[in-house]
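Comments concern the structure below.
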Ligand code: SAM
């Protein structure tokens, strides 16, 4: 594990409220294999160096590292930024949003403990890069983005690379009830609190990874639904994310 679990506690899930979320837009493509490995020789060495850096920073999950070493991150950003695609830093993707830093993607994915075939809900599709990592791990991925422009661009990019997640444009703080429950839920924007609806859409035994705090910094939390009525919460180190905007966000 790349960082120490700082705190652990157990508490009851609040009683059920009606869910009103709707499917606004859905990528109807059937699941399928990655069409072809990226034909981008000039980036191969840079990806290897990035993976080496992630190992040095403590990422241990070989499947996560393998996914990062095979996904062409340059395809998820503007061509003007291509030369910076394998820096371990966030980069702008428009609408005031960012593609997460590779270390953050690796750390969150490692914490999520994804298994092949898991049904995974991601909140905050952004560029689609994290979504591609989850697809590479063999997950059945559902992802929600609130900006239509980002949703459209991520859908184009993921489809072009041969990934087949189900995508929706809407408020991800309400989850995606039509496909619940999920084995894993990953939130890639900073939340003021853990949205109750996301906990409800988690299968028993399921895991939710979410950064929670104020808008300056957030503590990474891993919530495990240990029974119908109870969750266990672990707290890890601090990160800085763009805000989770919505009914159960900022
Ligand atoms: N996973 C993304 C990637 O790989 O590029 C990271 C994107 S960025 C750090 C977080 C994203 O969350 C932004 O695209 C933002 O628009 C989105 N977001 C914020 N609040 C949201 C909400 N309530 N529902 C869905 N997406 C939201």
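Just so you know, all these numbers are worked out from the coordinates, no wet-lab data involved. Since the structure is predicted, the reported quantities are computational estimates derived from the model, not experimental observations. Here the Cβ positions follow ideal geometry from the backbone for every residue, glycine too, while neighbour counts run over all protein chains shown.
Figures for the structure shown
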| item | result |
| --- | --- |
| DSSP beta bridges in segment 128-237 [antiparallel fraction, %, rounded to 5] | 55 |
| Simple spin-label estimate for residue 78 and residue 12 in nanometres, 7 Å along Cα-Cβ | 5.2 |
| Histogram of C-alpha separations across the chain, 5 Å bin width, % | 1, 6, 14, 19, 22, 18, 11, 6, 2, 1, 0 |
| Helical mean residue ellipticity (222 nm; -39500 (n - 2.57) per DSSP H run of 4+; nearest 500) of the chain | -7500 deg cm²/dmol |
| Burial order of peptide ranges 125-131, 95-101, 182-188 (average beta-carbon count within 10 Å, highest first) | 125-131, 182-188, 95-101 |
| Stretchable slack from residue 233 to residue 70, in nm (0.36 nm times residue separation minus alpha-carbon distance) | 55.5 nm |
| Packing rank of 46-52, 142-148, where each peptide gets the mean count of other beta carbons within 10 Å, highest leading | 142-148, 46-52 |
| Mean separation of Cα contacts under 8 Å, 6 or more apart, over the residue count of the chain: relative contact order % | 22 |
| Antiparallel bridges, percent of DSSP beta bridges restricted to the chain (to nearest 5) | 55 |
